[in-house]
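These notes are about the structure you will find just below.
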Amino acid sequence: MINPGEYFVEGDVAAAYGAIRAGCLFFAGYPITPASEITQAMAELLPRVGGKFLQMEDEIASISAIIGASWAGLKSMTATSGPGFSLMQENIGYAAMTETPIVIIDVQRAGPAIGQASRPAQGDVMQSRFGSHGDYETIVLSPNSVQEMFDLTVKAFNLSEIYRVPVIILSDAEVGHMMERLVVPERIEIVNRKIASNFQETMAYGENLVSAMGRFGDGLELMITGSTHRPDGTRDTGTPEVQENLVRRLVNKIEKNRSSIEEWEELYTEDAEILVISHGASSRPSKGAVIRARKEGIRAGFLRPRVLWPSPERRMIELDSRVKRVILPEMSLRGYRMELERIFHRKVDHLPKVGGVVPTVDEIFTKIRSASL
Amino acid sequence: MITARYIKENYVRRLPSAFCPGCGDGQILNAIIRAIDHLKIDRKDIAAVSGIGCSAWIPSPYLRVDSLHTTHGRPIAFATGLKVANPRLKVIVVSGDGDATGIGGNHLLHAARSNVGITVIMVNNGLYAMTGGQVAPTTPHEAKTTTTPYGNPAFSLDVSRVVAAAGASYVARWTTWHMNQLIRSIEKAIMKKGFSFIEVLSQCPTYEGRMLNMDHIEMLEWFRKNFREDAEGIYKIGEFVDIEKPELTEELEKMIERVRR
């Protein structure tokens, strides 16, 4: 199933291939443009590997079902777009609170509300990180090609299994629907969660602040709740220390391990004075514009977070001393801007595009040139 | 003989419970435990799933099996994923009337329609008790609650009838007065291959009782007098559906086998 070799597929299908190769055995979803192709591909592929596919009554049921399946021990995923992603927010917080590994693909479309159903946008950047109420952390990945739809879906499963967190793949209609070459490699690194063999192990947090996960049906008498709970699962909503210890650990397990989670691509950054930071579909013309600027003698550099959250903060701070201007082309009026301005402590030259179209090399190059003058 | 001590030692995580004095939730916990004990099912093969509300606390924290205490209205959707992922598990959802038919009504309909082999025990006290006695989809017309201080202008839902119409394999309604029937019914529901649903009318002396000026004994008396197998509408108790038909997880397994062949 999904043998090593070359394929010519669209991004959504590549994500489904990645999920199958990562060992996903359960998918629940609800149709929505532009993510339906992932759901359809999973409906076709999962039974062939002995996995289970369910089309649920809505997106809330979909994410509920994959959390339930994850507690039965199966790697589980759902895929959606803006409106469905909004509906899933409460249970993303539930997965974070109960430390349930799940993967959610949000193929972004232009919002707000129904917006432009089949047009790309990048307006869910903040929602992917802060969409559910309360303090929690997730990991958010940002593919910019068909190949990365595959690669980062595998990575999403690995990270969710290691850190027991919901991992979100923040794609967009452009990347989800584009057709490109996909190379499925011979060797793929797959990580499986550590299953607890006794109850004690479910409370034994390793150096990375994660414990082994219990599995329903194994006789551990697990007590899983989205309420504030002690390490043994007992609900305790009245003791301040219980809430503090739990929430701090949920946040710290990402914060303290961020150097092993962060991943980014960079080009010409060693002497760059103008740094173009971009993600997802927008990063493709951004890179093209930087290459063109270099040909014209402009000291431009390019940085693309493949992991959007946690952001490659330390690397950006390193570059900050040399860089005179930071340009952020993206398909959103807010997108990643607040995060970059927080890290760089200055105004970022934002180049937002909100028509449901990807910015062009020309537009970005013009911005780079005017910044260089 | 099933003694209180036997139940406590084998099936209950901790006591005393947090339920109000006179609440029916303790009786329903008792009924679920007795049914499991009669059936002699290994506790590790049972998973309990609940949402938000007083009745959600019946399995979590009290019932000593793997338990998943989920978000408001969603336990049936969580339970569907759990059951499909591991069909060996007997999955029991304990939900309230607000949880199962207000915020989560959509999931109830579709679980019945798809005939997924889980059991839903819906504790119906006719209002939202945990949050302070507000009006629910099951509150009778003109009844006073904390959010219908002048009487309920809307009308109540006959949940069992709706679930039966949606395609469940087993549907029954009892009250906390009818403990023996309830226990037998839970046994049948757990062993039923398809989707099984039991509605249990239960007394809430704290909010419902206060509005009706009744204590829990008077409320049970009222159940005894008014809920009968020959009564009409919501007052009719008994088994309404008890059929065998293809079940979702089995159909899925068959399909997978067919595809892989």
### Query
Within the group B:71, B:139, which residue is out of contact with any strand residue (DSSP E or B) (no Cβ under 9 Å at 6 or more places or on another chain) and outside any helix (DSSP H, G or I)?
B:71
### Task
Would you mind finding the one in B:64, B:74, B:14 that is of a type in the set (D, E, K, R) and at pLDDT below 95?
B:14
### Task
Determine the pairs where a residue that is over 26 Å from residue A:358 (Cα atoms), located within segment A:308-329, has a partner that is part of a strand (DSSP E or B) with Cβ atoms under 7 Å apart, the partner being 6 or more residues away or on another chain.
A:315/A:264; A:319/A:275
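Looking only at segment B:1-16, which residues are surrounded by 13 or more Cβ atoms within 10 Å (Cβ to Cβ) and part of a loop (DSSP other than H, G, I, E, B)?
Applying the first criterion (surrounded by 13 or more Cβ atoms within 10 Å (Cβ to Cβ)) to segment B:1-16 yields B:2, B:7-8, B:10-13.
Answer for segment B:1-16, where residues must be surrounded by 13 or more Cβ atoms within 10 Å (Cβ to Cβ) and part of a loop (DSSP other than H, G, I, E, B): B:2, B:13.
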### Message
Residues that are at pLDDT 95 or above, in contact with a Leu (Cβ under 8 Å, 6 or more places away or on another chain), of a type in the set (Asp, Glu) and under 30 Å from residue A:65 (Cα atoms): does segment B:196-203 have at least one?
### Response
no
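So, restricting to strands (runs of 3 or more DSSP E) that lie completely within segment A:1-120, which ones have at least 3 residues that are surrounded by fewer than 23 Cβ atoms within 10 Å (Cβ to Cβ)? Walk me through how you get there before you give the answer.
Numbers: elements: A:5-10, A:26-29, A:52-55, A:76-80, A:102-108.
So the answer is A:5-10.
Residue B:44: surrounded by fewer than 24 Cβ atoms within 10 Å (Cβ to Cβ), modelled with pLDDT of 95 or more and more than 8 Å from chain A (Cβ to nearest Cβ), yes or no? Walk me through how you get there before you give the answer.
Details: surrounded by fewer than 24 Cβ atoms within 10 Å (Cβ to Cβ): yes; modelled with pLDDT of 95 or more: yes; more than 8 Å from chain A (Cβ to nearest Cβ): no.
No: the conditions fail for residue B:44.
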### Query
Of A:37, A:59, A:10, which residue is free of Cβ contacts under 8 Å to residues at least 40 places away in the same chain and more than 9 Å from every other protein chain (Cβ to nearest Cβ)?
A:59
### Task
Scan (1) without any contact (Cβ under 8 Å) to a residue 60 or more places away in the chain; (2) more than 10 Å from every other protein chain (Cβ to nearest Cβ) for the single condition residue B:61 breaks and write down its number.
(2)
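Could you tell me whether residue B:31 is farther than 18 Å from residue A:221 by Cα, at pLDDT below 95 and out of contact with any Gly (no Cβ under 8 Å at 6 or more places or on another chain)? It would help to see each step written out before you state the result.
Numbers: farther than 18 Å from residue A:221 by Cα: yes; at pLDDT below 95: no; out of contact with any Gly (no Cβ under 8 Å at 6 or more places or on another chain): yes.
The answer is no for residue B:31.
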### Task
List every residue pair whose Cβ atoms sit under 6 Å apart, with the two residues 6 or more apart in sequence or on different chains, where the first one lies in segment A:87-110 and is outside the structural domain of residue A:134 (by TED's automatic domain parsing) and the second, anywhere, is assigned to a helix (DSSP H, G or I).
none
### Query
Before we move on, is residue A:228 over 17 Å from the mean Cα position of the chain (by Cα), within 14 Å of chain B (Cβ to nearest Cβ), within 30 Å of residue B:18 (Cβ to Cβ) and of a type in the set (S, T, N, Q)?
yes
#### Entry: Boolean, residue B:101 is facing chain A (nearest Cβ under 10 Å), over 22 Å from residue B:187 (Cβ atoms) and either modelled with pLDDT of 95 or more or touching a Ser or Thr at 6+ places or on another chain (Cβ under 7 Å) (or both)
no
### Query
With B:260, B:228 as the choices, which residue is free of Cβ contacts under 8 Å to residues at least 40 places away in the same chain and touching a strand residue (DSSP E or B) at 6+ places or on another chain (Cβ under 8 Å)?
B:228
#### Entry: Which numbered condition residue B:254 misses (of (1) modelled with pLDDT of 95 or more; (2) assigned to a helix (DSSP H, G or I); (3) more than 14 Å from every other protein chain (Cβ to nearest Cβ))
(3)
### Summary
The one condition residue A:74 fails out of (1) more than 14 Å from every other protein chain (Cβ to nearest Cβ); (2) touching a residue at least 12 places away in the same chain (Cβ under 8 Å); (3) over 17 Å from the mean Cα position of the chain (by Cα) is (1)
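So, in segment A:121-143, exactly how many residues are more than 12 Å from the chain's Cα centre (by Cα), polar (S, T, N, Q) and buried (at least 21 other Cβ atoms within 10 Å of the Cβ)? Explain how you work it out, then say what you get.
Step one: list which residues in segment A:121-143 are more than 12 Å from the chain's Cα centre (by Cα), which gives A:121-123, A:130-136.
Applying the additional criterion that residues be polar (S, T, N, Q) yields A:122, A:132.
Now narrow it down to the ones that are buried (at least 21 other Cβ atoms within 10 Å of the Cβ): A:122.
Counting residues in segment A:121-143 that are more than 12 Å from the chain's Cα centre (by Cα), polar (S, T, N, Q) and buried (at least 21 other Cβ atoms within 10 Å of the Cβ) gives 1.
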### Task
Please state which one of B:82, B:29 is aliphatic (A, V, I, L, M), part of a helix (DSSP H, G or I), buried (at least 20 other Cβ atoms within 10 Å of the Cβ) and more than 9 Å from chain A (Cβ to nearest Cβ).
B:29
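If you go through segment B:85-98, how many residues are in a helix (DSSP H, G or I) and more than 7 Å from every other protein chain (Cβ to nearest Cβ)?
First, pick out the residues of segment B:85-98 that are in a helix (DSSP H, G or I): B:85, B:97-98.
Imposing the further condition that a residue be more than 7 Å from every other protein chain (Cβ to nearest Cβ) reduces the set to B:97-98.
Total satisfying the criteria: 2.
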### Message
out of contact with any strand residue (DSSP E or B) (no Cβ under 7 Å at 6 or more places or on another chain), at pLDDT 95 or above and more than 30 Å from residue A:51 (Cβ to Cβ): which single residue out of B:218, B:244 fits that description?
### Response
B:218
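Output the residue which, of all residues in segment A:232-266 that are polar (S, T, N, Q) and in a loop (DSSP other than H, G, I, E, B), is nearest to the other protein chains (Cβ to nearest Cβ). Don't jump to the end; show me each part of the working.
Step one: of segment A:232-266, the residues polar (S, T, N, Q) are A:234, A:237, A:239, A:243, A:245, A:252, A:257, A:259-260.
After this cut, where a residue has to be in a loop (DSSP other than H, G, I, E, B) as well, the list is A:234, A:237, A:239, A:257.
Working: A:234: 7, A:237: 11, A:239: 15, A:257: 27 Å.
Ranking the qualifying residues of segment A:232-266, first place goes to A:234.
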### Query
Identify, please: which residue in segment A:267-316 is within 18 Å of residue A:174 (Cα to Cα) and polar (S, T, N, Q) and is, among those, surrounded by the fewest Cβ atoms within 10 Å (Cβ to Cβ)?
A:283
### Query
Somewhere in segment B:17-26, is a residue within 12 Å of another protein chain (Cβ to nearest Cβ), assigned to a loop (DSSP other than H, G, I, E, B) and surrounded by 16 or more Cβ atoms within 10 Å (Cβ to Cβ)?
no
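The values are calculated or read from the model by the stated rules, or taken from the named source; none is laboratory data. Since we're looking at a predicted model, the values are computed, not measured. Positions of Cβ are backbone-derived with ideal geometry, glycine not excepted, and every protein chain shown enters the neighbour counts.
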